[in-house]
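First up is the structure itself, then whatever we jot down about it.
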Amino acid sequence: MRLTVLLGPQRVHPTLGRVVESTGIGGRIALVTAGWRERESEDGALIEHLGGRAINLELYRRAEEIFARDAELFEAHLACQRTLRQMHTLYRVRLEHQMVALRALLARNEPAEILDVEIEEAFEAVRALDAAHVERMSQCRGALERLEPRRREAVGEHL
């Protein structure tokens, strides 16, 4: 059985230790602090909080090393990230308008036999938008995957 626990920030009110203890997790604990970017290695308090059982995977540092050695992969990654940000911005514009419509329908008082169909179709429109967005993101990431990152020398050293 695998258990994944996602927690929020731990700096002010650390809760991770209690969660780990309550689940009975033994052995080493992998830390993913890549979101901290350049501060990724500032993990001492968190490792101490976990009784020294944690190991930081240093994904940000490792990615930086890979990109420093593989300019083609780096440029493809940047292009993909730029496209994903633009796609997400446009998705949010569309989603915002669909959610306004959905909230307006949910606040209405028409007979259920009329309103329920409209509400379900509004929910379906949101689901369809989400599915289309996920598909477009997958296509964007596919362009990066065509470079076969796992087969590249700079990446292979970190696997």
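Under 37 °C and 0.692 mPa s, how fast does segment 84-137 diffuse according to Stokes-Einstein, given a Kirkwood radius computed over C-alpha pairs? Answer in µm²/s, whole number.
Numbers: Rh = 12.0 Å.
The estimated diffusion coefficient comes to 274 µm²/s.
Scan the chain and note any complete DSSP helix (H) whose C-alpha atoms cover at least 24 Å along its axis and whose Kyte-Doolittle average is -1.0 or more. Don't skip to the end; give the middle numbers.
Details: long enough: 71-106 (51 Å, 0.03); 112-145 (48 Å, 0.00).
Counting only whole DSSP H runs, the qualifying helices are 71-106, 112-145.
Rounded to the nearest percent, how much of the accessible area of the chain (1.4 Å probe, protein heavy atoms only) is carbon and sulfur?
Working: 6510 of 11820 Å².
Exposed carbon and sulfur together represent 55 percent of the surface.
With a ≥ b ≥ c the root eigenvalues of the C-alpha gyration tensor of segment 50-90, is it rounded (a/c under 1.5), prolate (a/b larger than b/c) or oblate? Could you put the intermediate results ahead of the total?
On the way: a/c = 6.99, a/b = 1.62, b/c = 4.31.
Oblate, because a/c is 1.5 or more while a/b does not exceed b/c.
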Could you report the accessible area of R108 in Å², rounded to 10, computed with a 1.4 Å probe on the protein chains as they sit in the structure? 130
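Calculated FRET efficiency, E42 and E75, Cβ-Cβ r, R0 30 Å, to nearest 0.05?
Details: r = 29 Å, r/R0 = 0.97.
With R0 = 30 Å, the Cβ-Cβ based efficiency is 0.55.
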Please calculate the 1.4 Å probe accessible area of E153, with all protein chains present, and give it to the nearest 10 Å². 130
Keeping all protein chains in position, work out how much accessible area H158 exposes to a 1.4 Å probe, and write it in Å² to the nearest 10. 40
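Given N residues in the chain, what is Rg(Cα) / (2.2 N^0.38 Å)?
1.46
Heavy atoms only, probe 1.4 angstrom, no DNA, RNA or ligands counted: give me F67, F123 ranked by accessible area, highest first.
Working: F67 40, F123 75 Å².
Order by accessible area, largest first: F123, F67.
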Is the shape of segment 1-62 rounded, prolate or oblate, going by the alpha carbon gyration tensor and its root eigenvalues a ≥ b ≥ c, with a/c under 1.5 for rounded and a/b larger than b/c for prolate? prolate
Net charge around L106, counting only other residues with Cβ within less than 15 Å of its Cβ (Lys, Arg = +1; Asp, Glu = -1)? -4
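Around E38, what is the net charge, scoring Lys/Arg as +1 and Asp/Glu as -1 over all other residues with Cβ under 15 Å from its Cβ?
Numbers: positive: R37, R39, R61, R62; negative: E40, E42, D43, E58, E64, E65.
Counting the neighbours of E38, the net charge comes to -2.
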Under a Gaussian network model of the chain whose springs join Cα atoms within less than 10 Å, the largest fluctuation of S138, S22, S41 belongs to S22
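The values are calculated or read from the model by the stated rules, or taken from the named source; none is laboratory data. Given the structure is predicted, the values throughout are model-derived calculations rather than measurements. In this analysis, Cβ positions are derived from the backbone assuming ideal geometry, glycine residues included, and neighbour counts consider all displayed protein chains. Quick note on the areas: whole protein, heavy atoms, side chains included, nothing else; ligands and nucleic acids left out. Shrake-Rupley method; radii C 1.70, N 1.55, O 1.52, S 1.80 Å.
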